[in-house]
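Scroll down for the structure; my scribbles are underneath it.
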Amino acid sequence: MRTLWQGLPQQARRGWQWIASFRLRILIRSAFILLALASVALALSILQQEKQLSYESYQRSFDKTRKQISATLRHPAGQLALLNPWAGNEQANAAQLYPWLLPYAALDFDDQGKVQQAIALSGCMRQYGVSNGLCAGIGNNPYAGSFLYIAGEFNSTGLVQRTRGAMQWDAAHRVRVKVSLRGRDYEWLAPFEAEPGANGARGRLTGFWAHDQGKLNARPVKEFRGWIWQKAECNPVQRDGLGADCEKNVFYSLRLPLPPLQEALFNAMQERRRPHWPPPDLQQIAVRVQVLGPDRLNPIFDSAAVRGNPPFILQDLQQHLLPGEILKVRKKGESKDLFLTAGRFEEEPEPFAWLAPLVHALPIQVHSMQLEAHDEISTPLHQYDVFLQGDVRSANRVLVATASRMVWFVSTMMLALMLAWLVIEIGLIRRISGLTRRASSLSKSVKGAGGLQQFTMSDLRGNDEMGILASCLHDLLRRVKEDVEREAIRTEQEKQVWHAVGHEIMSPLQSLLVLHSAEDDSSRRYLLRMQQALRVLYGSASPSEAFQTTVLALDEVDLAAFLQHVAANAPMVGIGQIEYQGQREALPVRADEYSLEDVVTHVLRNAERFRVPGSAITISLQASETTAIIKIRNQGPHIAEDMLSKIFEYGVSDQLDAAAHGNRGQGLFVAKTYMAKMGGAIVAQNEADGVSFVLSLQRVA
């Protein structure tokens, strides 16, 4: 980077420096722009995820709707609706009763359980109020007989039967049925006749032509069949206090012959052709059913007097459709829709309608979006094709509503960011700009004499954060100026002291070396160490700088012999009871002998100062394939854990006023510095009863 910077032309450097002076302002403004973009991106990301989830949810809902509609249409109630698609018109919803084409060939009219189960499954029972119900229909198989089946229920007190042979039937419970078909009217009257042993709870409804009432020899209609059953227990709301006069539920089942349909069936069989079934005029067959009580003018039930609730019809499938979904029903092989309906859209104004194109443009990953489904439904008469078409507009409407809420969120975020930017721009950036200009002026003037005296921030002081910062900077610069002046004086004095000390000691030291010129003189070794130390410190501004800039001359040293020599001569420097426990064989390492002796001596002096009186200091030596390890151990107090690494820093000492007692806190600093220059390391370790210093050096290969 430095080379690249130096390679730029001077004009480019000035341009870059000018841009760098606006770096803080650019950073803050860019941060606000990025926050605004991030807010918009966050909103779009949420909308995209919502769209993805909404489309997947709609796909699941669409599949669920398809299965639900198919299951409904396969049920007997659904088949009843398929066989009677006309049931949704106004005529079917009128008070007049019309028969349904049942999903059964016939009803087992003389079995109460089977009849109730059949009409319950098909759902053809039309409810009239709370307690009355009626189902009228024809079978889907013409060969089972062209009959009209009627089943219903009502509430009544105990049934009164017709006395056999009586010409008037008004004293008994009876059912009157009227049918209008192809211009002819038919009317039957069926009085109740109890079965022997049934105690009036079960019996027949014997059918007569209504105009035969009162005739002496009136005969029942041959193919008319009817049964009636009354429960033994009272209705729950009348269970108490009425005794035998309480009302009970009554269920009846009728089979009526329809002569016009029987004639058409007979003619088709004569002509050996399949009869047209169901009858094309099924919707024109008008039926009226009345239940009459004994000696009562008003009927217990009259299908023409009350509008009944129709059973399930195809139009009811619309409630399963979401807005925009289309359901079509066709007979197999036909192109004309038998039934068509669609989910309704709620006509409500859409807020933020302009968001719809944005929501539509958001990309999503939909692997298989099925918006069309086809099922086949089989009934005893026909097969039907059911088509369901989906519409994602309903999902998009939900997303537009979500996007409308997000607009308020994003707008609020933008407004908050704008206000925050204005506050920072006016209250902070403008003042930072002034501070920057003055700092730039300071950087240019401080190089000259008296530069700090010319710099002032008194006009930028205040009670807010920037004012406090300006006051602190003003006081700090004044303190810095004073410290710089004192440091310059101290450095110059220290340098002069070292020059004087070095000059005064060097000459006597040279004379001592001449007196101890013999190589086997043990004093010569310590004189040479003193001379080396003076050369290291002489001319340097500070001792730490001198030690760090020293260049050592590394050579091959027999570490085992060296340590034995140090242990033997330690008493000469005032350190007694030194025991060497390492190997005796030669162990060559790369080191500077005098510097290594300084390192070991400094460590021994620290061990001497802290060892238990009378205890020995042990020096051990171990070797691996590449490293030689020296361990100097004493018995004494432990070193605090947070000080194990700090004791090797310059000026760190355990004694107050260390310099006054000749301890400058530089012995272990010198040891660590020299060990590093010799390619080794030194660490301190706490042990069970003392402290160990571990020194490691590289072996000579």
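The values are calculated or read from the model by the stated rules, or taken from the named source; none is laboratory data. Remember, it's a predicted structure, so these values are computed and weren't measured experimentally. We place every Cβ from the backbone using ideal geometry, glycine too, and count neighbours over all the protein chains shown. The area values use the complete protein model at the heavy-atom level, side chains included, leaving out ligands, DNA and RNA. Shrake-Rupley method; radii C 1.70, N 1.55, O 1.52, S 1.80 Å.
Taking amide hydrogens as placed 1.01 Å from N in the peptide plane, the amide H of residue 681 sits under 5 Å from those of 696, each at least 5 positions away in sequence or on another chain. Which pairs in the list 114/248; 67/336; 64/114; 114/231; 114/222 are over 28 Å apart, alpha-carbon to alpha-carbon? Table pairs above 28 Å Cα-Cα are 64/114. Between residue 481 and residue 63, residue separation times 0.36 nm minus the direct Cα-Cα distance comes to 142.3 nm. Bridgeable lysines around residue 332 (alpha carbons under 18 Å apart, same-chain partners fewer than 8 residues away excluded) are absent. How far is the Cα center of the range 553-584 from the Cα center of the range 104-150, in Å? So the two Cα centres are separated by 120 Å.
Taking only protein heavy atoms and a 1.4 Å probe, what accessible area per residue, in Å², does the range 105-159 have with all protein chains in place? All intermediate terms of the calculation are to be shown ahead of the outcome.
Values: 1840 Å² over 55 residues.
Dividing the accessible area of the range 105-159 by its residue count gives 33 Å².
Determine the relative contact order of the range 98-188: mean sequence separation of Cα pairs under 8 Å and six or more apart, normalised by residue count, in whole percent. It comes to 22 percent, rounded to a whole number. Please give the FRET efficiency for residue 296 paired with residue 372, using the beta carbon to beta carbon distance and R0 = 35 Å, rounded to the nearest 0.05. Efficiency for this residue pair is about 0.05. Distance between the 7 Å Cα→Cβ label points at residue 653 and residue 306: 11.5 nm.
Given a 1.4 Å probe and heavy atoms of the protein chains only, how would you sort 316, 212, largest accessible area at the top? Walk me through the intermediate numbers first.
Details: 316 55, 212 20 Å².
Highest to lowest solvent-accessible surface, that is 316, 212.
Surface composition of the range 134-198: carbon plus sulfur atoms hold 45% of the accessible area, using a 1.4 angstrom probe and ignoring ligands, DNA and RNA. Residue by residue, the range 182-190 carries 3J(HN,Hα) couplings of 6, x, 10, 10, 10, 9, 10, 10, 10 Hz when phi is fed to the Karplus relation 6.51 cos²θ - 1.76 cosθ + 1.60 (θ = phi - 60°); x denotes Gly or Pro. For the range 574-694, the Cβ-based charge dipole about the Cα centre amounts to some 100 debye (Lys, Arg positive; Asp, Glu negative; other atoms uncharged).
Here the peptides 150-160, 556-566 are ranked by packing, the mean other Cβ count within 10 Å, and the order with the highest first is 150-160, 556-566. By the rule of a C-alpha distance below 29 Å, with chain neighbours fewer than 8 residues away ignored, the lysines paired with residue 631 are 646, 672, 677. Separation of the range 403-420 and the range 596-618, taken as the distance between their Cα centroids, equals 73 angstrom. The lysines within cross-link reach of residue 215, meaning a Cα-to-Cα straight distance under 22 Å and a gap of 8 or more places when in the same chain, are 178.
Which order do peptides 599-606, 668-675 fall in by mean Cβ count within 10 Å, highest first? Each step should come with its number before you reach the end.
On the way: 599-606: 20.8, 668-675: 22.5.
Per-residue Cβ counts within 10 Å, averaged per peptide and sorted highest first, yield 668-675, 599-606.
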